[in-house]
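Just below is one structure, and these are the notes that go with it.
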Amino acid sequence: MKLLNGNGKHAPGKLLKSVVILLPFTLFILMLPFPLRKNSSFLSPNDSSFLPPNNSSFSSPDKVYVNRSSYDLNVTEMKRCNVFSGEWVPYSKGPYYDNETCNLILDQQNCMKFGRPDREFLKWRWKPDECELPLFDATLFLEIVRGKSMAFVGDSVGRNQMNSLLCLLSPVARPEDISSRYDTNPIYFRRWFYADYNFTVVTLWSPFLVRTSDVHSSLITNLYLDKADESWSEVKNFDFVIISAGQWFFRPALFYEKGQLVGCHKCEKSNITDLSHYYGYRKAFRTAFRSIMNLEGFKGVTFLRTFSPAHFENAEWNKGGSCERTKPYGKEEMKFDGYIFETYKVQVEEFRAAKRLGRKRGLKFLMLNTTEIMLRRPDGHPNIHVWGHEMKNTHSDCVHWCLPGPIDTWNELLFYKLKTH
């Protein structure tokens with residue numbers, strides 16, 4: 001079996017067991033597990049050889065050896081254990097909500113409504129190796145965020161997470177949709193207000209995080225990698241900012257810095273250097289993090305929710321690829337490497353730099369390290385069970401996540417982070 005993303009790349013099959021490295025002091029429990037190959041060399045996080053060149057295509061993951069501790073970044077955050085290292089275990093109680101108890105599910109993720117026949121994918125829960133992940137408590141969550149605001153910045157997978165949160169909170173409180181009060185597109189910029197808690201949650205559409213423009217009569221996008229997208233500049237007034245991006249960077253793009261064309265990704269132009277999507281991805285996150293730190297008056301907490309993998313099998317997304325599995329992969333079935341690992345690694349390196357600089361400025365950066373967790377959930381996508389699939393002959397959706405579904409775990413982890421901070 002070969003797994004493909006929307007770019008038609010393969011993610012190899014077998015996941016070696018994770019190794020958890022504990023520091024000797026209980027206040028410094030490391031956060032971000034990496035699968036390591038046997039006999040792999042360790043690199044110092046300060047070693048310049050640890051960072052690949054900017055124009056590297058990362059095409060040889062077998063030659064990448066990672067010091068696990070250099071990526072365990074949230075070293076002061078966890079009081080008990082690393083909640084991101086674990087496995088999916090059977091859970092008979094089922095989801096927190098369904099499409100009948102929550103009317104806020106978008107049709108694009110409403111898998112039950114549009115005929116998904118199986119329910120096995122709803123009967124699993126994430127179990128950390130060393131502790132129990134607390135169940136989501138809607139009442140306590142709303143008390144924690146009382147009088148505060150939360151913004152999800154990124155693409156439609158970020159909006160997917162926000163909609164999951166709305167449904168998880170729905171047994172306790174129903175929000176008012178206040179999107180129409182603002183001069184932004186209510187499709188891409190949604191705003192909800194919980195009056196009883198004076199809590200506002202929004203999604204701000206910015207799939208590249210940086211400024212963009214379309215090339216006329218072309219599918220190529222211009223990315224201005226040193227200019228943050230102004231559509232999310234309002235986060236300076238928010239208490240919590242959850243930033244994410246991913247699948248859009250696999251598309252053809254021209255890269256600009258300081259107003260000059262510096263390269264591209266998949267532009268197929270002989271006179272322009274192809275720098276790979278990793279280059280644009282790195283620079284976009286670097287610009288986004290620095291822009292947040294430079295926002296005048298910003299005192300909020302910034303979360304990075306790491307790359308969300310797609311699970312197209314048998315073909316590319318636009319050539320009949322699908323995701324028909326009905327249960328998770330085990331630890332041994334899916335190896336965390338290849339383009340998924342390399343894309344994730346770029347994020348982590350930029351997050352690490354931002355966290356270090358942010359600490360000097362009194363700003364907190366936290367991570368929702370969900371990539372490997374979700375890599376094991378090929379069963380969690382809508383596939384063909386979305387509105388209009390048969391009428392419009394659309395492609396299978398193996399990028400977004402069913403609601404309810406494994407994406408609800410992201411908000412369990414968010415709740416855990418909020419509780420411990």
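Tabulated values for the structure
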item: Length gained when the stretch Arg361-Glu268 is fully extended (0.36 nm per residue, less Cα-Cα span); result: 29.3 nm
item: Tensor-based shape of segment 111-420 (alpha-carbon gyration tensor, a/c under 1.5 rounded, otherwise prolate or oblate); result: rounded
item: Area accessible to solvent at His311, 1.4 Å probe radius, in Å²; result: 0
item: Share, in percent, of DSSP beta bridges within segment 111-420 that are antiparallel, nearest 5; result: 45
item: Accessible area per residue, Å², segment 111-420 with all protein chains present, probe 1.4 Å; result: 40
item: Where labels lie 7 Å past Cα in the beta-carbon direction, separation of Thr394 and Met293 in nm; result: 3.9
item: Whether segment 335-421 is rounded, prolate or oblate, judged on the alpha carbon gyration tensor where a/c under 1.5 counts as rounded; result: prolate
item: Built amide H within the under 5 Å cut-off of Phe303, gap 5+; result: Val241, Ile242, Ile243, Leu366
item: Distant-in-sequence amide H partners of Arg190 (H built 1.01 Å from N, under 5 Å); result: Thr203
item: Using θ = phi - 60° and Karplus 6.51 cos²θ - 1.76 cosθ + 1.60, couplings along segment 269-283 (whole Hz; Gly, Pro as x); result: 10, 5, 8, 10, 5, 7, 9, 6, 6, 4, 4, x, 5, 4, 5
item: Theoretical FRET efficiency, 1/(1+(r/R0)^6), r = Cβ-Cβ of Asp137 and Leu219, R0 60 Å, to 0.05; result: 0.85
item: Using θ = phi - 60° and Karplus 6.51 cos²θ - 1.76 cosθ + 1.60, couplings along segment 86-95 (whole Hz; Gly, Pro as x); result: x, 7, 7, 10, x, 9, 6, 6, x, x
item: Largest-first ordering by accessible area, 1.4 Å probe, given options Arg356, Arg191; result: Arg356, Arg191
item: Tensor-based shape of segment 271-397 (alpha-carbon gyration tensor, a/c under 1.5 rounded, otherwise prolate or oblate); result: prolate
item: Heavy atoms of Leu135: accessible area, 1.4 Å probe, square angstrom to 10; result: 90
item: Phi-based couplings in Hz for segment 314-319 (Karplus 6.51, -1.76, 1.60; Gly and Pro marked x); result: 6, 6, 5, 4, 9, 10
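The values are calculated or read from the model by the stated rules, or taken from the named source; none is laboratory data. Remember, predicted model here, so these are calculated numbers, not experimental data. Positions of Cβ are generated from backbone atoms using ideal geometry, with glycine treated the same way; all protein chains shown enter the neighbour counts. Keep in mind that these areas ignore ligands, DNA and RNA; they rest on the heavy atoms of the full protein, side chains included. Shrake-Rupley method; radii C 1.70, N 1.55, O 1.52, S 1.80 Å.
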